[in-house]
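Peer 1: Structure below; questions to follow.
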Amino acid sequence: MSAEPDHRARRPKLAVWKFASCDGCQLTLLDCEDELLGIAENMEISYFLEASSAPGPGPYDLSLVEGSVTTQHDAERIQHIRNVSSRLVTIGACATAGGVQALRNYADVAEFLAVVYARPDYIETLATSTPISAHVPVDFELRGCPIDRGQLIEVIVAFLAGRTPNVPAHSVCFECKRRGNVCVTVAHGTPCLGPVTHSGCGALCPTYGRGCYGCFGPSNSTNFGAFIPLLRRDGMNTLDVVRVLRTFNTAAPEFDAASRKELRQ
């Protein structure tokens, strides 16, 4: 007697990739816990070295990429990943804006190597740290350092459903209003990047009386010409302004351009 055919539909394949990063955004996926079980029922988690040492072969329906490109090997590997992925989503500040490690873009990498490593000739690295989108087409960018768990689930579910992810692109100021926060800048003169920072954190820092640090990168409606004078009014000098713009999202074009302009003045 012949075996009955298997009529079960093929589950889409999910892959999670790491480049230069701290692994925090991959851990956000693992932290989904109960939601991750639901995702696993609807997708085959085929490649995810943070969770399993038994990677499955491609091609993949959805690839989540964490980290920036900092070596020639990275630059070649992301081309392969793009070729075997139907959809590619970058997750976190490193993948979307170069990350903290993009501070090398403003310095002499050879000098760093000489100071940090006993044998710098053993180290192969590029002079810059660049986002994934500088090397291959990206279908969606999920901001944050680290990313928000709810937004990550929304992105995965949206791609399963064949729709655009519903991730708001407004500033942190909107989130402060929704939480009923008193503006730390207006009330206390605290420098805050909220007006130019992408939402997603739930206004975590302003809720506890601190200014926003820009973890989620620039919002879609930045106006640095009007914003930077507010930082100066609240006590920041040129180096303070440059330093606050060159943190988690150093290579984000809007932050990069604003910091370079400050140094030229």
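The values are calculated or read from the model by the stated rules, or taken from the named source; none is laboratory data. Remember, predicted model here, so these are calculated numbers, not experimental data. Please note: Cβ atoms are built from the backbone with ideal geometry, for glycine as well, and neighbour counts cover all protein chains shown. Accessible surface is based on the protein model in full, side chains and every heavy atom, while ligands, DNA and RNA are left aside. Shrake-Rupley method; radii C 1.70, N 1.55, O 1.52, S 1.80 Å.
Peer 1: Would you pick out the residues in segment 210-265 that are polar (S, T, N, Q) and part of a loop (DSSP other than H, G, I, E, B)? Reasoning before the result, please.
Peer 2: Going residue by residue through segment 210-265, those that are polar (S, T, N, Q) are 219-223, 237-238, 247, 249-250, 259, 265.
Scanning segment 210-265 gives SER219, ASN220, SER221, THR222, ASN223, ASN237, THR247, ASN249, THR250, GLN265.
Peer 1: From the set of residues in segment 43-69 that are at pLDDT 90 or above and not in a strand (DSSP E or B), which is nearest to the chain's Cα centre (by Cα)?
Peer 2: Out of the qualifying residues, it is GLY67.
Peer 1: Right, next: Is it true that some residue in segment 181-192 is part of a loop (DSSP other than H, G, I, E, B), in the same structural domain as PHE227 (by the TED database) and in contact with a Leu (Cβ under 8 Å, 6 or more places away or on another chain)?
Peer 2: The initial filter retains those residues of segment 181-192 that are part of a loop (DSSP other than H, G, I, E, B), namely 181-183, 189-192.
The next check asks that each one be in the same structural domain as PHE227 (by the TED database); those that pass are 181-183, 189-192.
Those left that are additionally in contact with a Leu (Cβ under 8 Å, 6 or more places away or on another chain): 191.
There is at least one residue in segment 181-192 that is part of a loop (DSSP other than H, G, I, E, B), in the same structural domain as PHE227 (by the TED database) and in contact with a Leu (Cβ under 8 Å, 6 or more places away or on another chain).
Peer 1: Something else about it: Just checking, does segment 232-241 include any residue being farther than 20 Å from GLY144 by Cα, within 23 Å of the chain's Cα centre (by Cα) and of a type in the set (A, V, I, L, M)?
Peer 2: First, pick out the residues of segment 232-241 that are farther than 20 Å from GLY144 by Cα: 232-241.
Then drop every residue that is not within 23 Å of the chain's Cα centre (by Cα), which leaves 241.
Imposing the further condition that a residue be of a type in the set (A, V, I, L, M) reduces the set to 241.
For segment 232-241, residues farther than 20 Å from GLY144 by Cα, within 23 Å of the chain's Cα centre (by Cα) and of a type in the set (A, V, I, L, M): present.
Peer 1: If you don't mind, another one. Mind checking which residues of segment 132-144 are open to solvent by 50 Å² or more (accessible area, probe 1.4 Å) and not polar (S, T, N, Q)?
Peer 2: ALA134, HIS135, PRO137, ASP139, GLU141
Peer 1: Using beta carbons and a limit of 8 Å, which pairs, at least six apart or on different chains, have the first residue in segment 125-143 and over 19 Å from GLY217 (Cα atoms) and part of a loop (DSSP other than H, G, I, E, B) and the second one open to solvent by less than 40 Å² (accessible area, probe 1.4 Å) and of a type in the set (Gly, Ala, Ser)?
Peer 2: Note: pairs meeting the criteria are LEU126/ALA75; HIS135/ALA75.
Peer 1: Right, here's the next one. Does ALA114 meet the test of being in contact (Cβ under 8 Å) with a residue 24 or more places away in the chain, in a helix (DSSP H, G or I) and not hydroxyl-bearing (Ser, Thr, Tyr)?
Peer 2: no
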